[in-house]
Amino acid sequence: MSTVEREARREDLRERVVEAARDIVGEEGLDALSMRALGLRVGCSPATIYLHFQDKDELLRSVMEEGFKRLAVTVQEELGKLDPALSAVDRLTATARGYARFALENTGYFRAMFKMPGVARLDCCPGSGDGAAETGSGLLSYEGAAELLRQAQSESGTSRMAPDRAAVVGWGLMHGLTSLYLSGHLAGHVSSHEEFMDLIESALEALRAGWKV
């Protein structure tokens, strides 16, 4: 076997382990995750998994990193649909729209990401650096979302709610509706992904009215 083939197999196994960890955490919770459980899902020994990950913490960070990477890509796609000249609140609502779409398209990662320890989330969240609000990470961190809200308030000349608090409220509404939908609790109100995204649009309109931006 050539070096290239060996490396490809190694990368394939690593990806399958990360995906299996995502599924276990998303379906059964963090306590169910063990190297033995992973080995059974992937079809290898726990010792083999340790060749790829130093410990469970490193594995959890890998799951989070992949989840946030996919989230950032989806958000960037939504932002890419906008005219660059549009307002800060338009960019913020596009980010929120991307957040909901990510959850629909990557439900396993969405469920797993928010069952992870706080340290893992903080280590992997890419939205706190310079320019985060402009590069697709606006709702991936409080700082990025709050900065967009400050810009929106400056543009509109109104300030009904402190940006930091408004960012938390907005995230809570988007995350709460999405979690309720994915768990089946909105079955009596929406019956498809399309109807759910229409509900998200209504929620975003309500947020804009509440923010007065």
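The values are calculated or read from the model by the stated rules, or taken from the named source; none is laboratory data. Worth saying up front: this structure is predicted, and the values here are computed from it rather than measured. Counting neighbours? That spans all protein chains shown, and the Cβs are built from the backbone with ideal geometry, glycine included.
Across region 162-180, the number of residues qualifying as of a type in the set (A, V, I, L, M, F, W, C), surrounded by fewer than 17 Cβ atoms within 10 Å (Cβ to Cβ) and at pLDDT below 95 comes to 3.
Every residue, every condition in (1) among the charged types (D, E, K, R); (2) within 23 Å of the chain's Cα centre (by Cα); (3) within 19 Å of Tyr109 (Cα to Cα); (4) surrounded by fewer than 18 Cβ atoms within 10 Å (Cβ to Cβ), yes or no:
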position	(1), (2), (3), (4)
Arg16	yes, yes, yes, yes
Ile24	no, yes, yes, no
Gly67	no, yes, yes, no
Leu79	no, yes, no, no
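From the list Ala100, Ala85, Ala94, the lone residue that is in the same structural domain as Ala152 (by TED's automatic domain parsing), closer than 30 Å to Glu155 by Cα and in contact with a Phe, Trp or Tyr (Cβ under 9 Å, 6 or more places away or on another chain) is Ala100. The sole residue among Ser34, Ser2, Ser62 that is within 15 Å of the chain's Cα centre (by Cα) and among the hydroxyl-bearing types (Ser, Thr, Tyr) is Ser62.
Within region 8-57, track down each residue that is over 23 Å from Ser179 (Cα atoms) and either in contact with a Ser or Thr (Cβ under 7 Å, 6 or more places away or on another chain) or not in a helix (DSSP H, G or I) (or both). Ser34, Gly39, Gly43, Cys44, Ser45, Leu51, His52, Phe53, Gln54, Asp55 - these are the residues of region 8-57 that are over 23 Å from Ser179 (Cα atoms) and either in contact with a Ser or Thr (Cβ under 7 Å, 6 or more places away or on another chain) or not in a helix (DSSP H, G or I) (or both).
So which of Leu60, Leu71 ends up being in contact with a Ser or Thr (Cβ under 9 Å, 6 or more places away or on another chain) and surrounded by 16 or more Cβ atoms within 10 Å (Cβ to Cβ)?
Matching residue, one of Leu60, Leu71: Leu71.
Within region 57-72, can one find any residue that is closer than 21 Å to Leu204 by Cα, touching a residue at least 60 places away in the same chain (Cβ under 8 Å) and not aromatic (Phe, Trp, Tyr)? Checked against the condition, which is being closer than 21 Å to Leu204 by Cα, touching a residue at least 60 places away in the same chain (Cβ under 8 Å) and not aromatic (Phe, Trp, Tyr), region 57-72 yields at least one hit.
When the test is whether a residue is within 23 Å of Ser179 (Cα to Cα), touching a Lys or Arg at 6+ places or on another chain (Cβ under 9 Å) and hydrophobic (A, V, I, L, M, F, W, C), Val73 does not pass it.
How about region 177-194: which of its residues are in contact with a Leu (Cβ under 9 Å, 6 or more places away or on another chain) and assigned to a helix (DSSP H, G or I)?
Those that are in contact with a Leu (Cβ under 9 Å, 6 or more places away or on another chain) and assigned to a helix (DSSP H, G or I): Leu177, Thr178, Leu180, Tyr181, Leu182, His193.
Just wondering, is there one or more residues in region 141-154 that are crowded, with 18+ Cβ neighbours inside 10 Å, touching a helix residue (DSSP H, G or I) at 6+ places or on another chain (Cβ under 8 Å), at pLDDT below 85 and hydroxyl-bearing (Ser, Thr, Tyr)? Checked region 141-154: at least one residue is crowded, with 18+ Cβ neighbours inside 10 Å, touching a helix residue (DSSP H, G or I) at 6+ places or on another chain (Cβ under 8 Å), at pLDDT below 85 and hydroxyl-bearing (Ser, Thr, Tyr).
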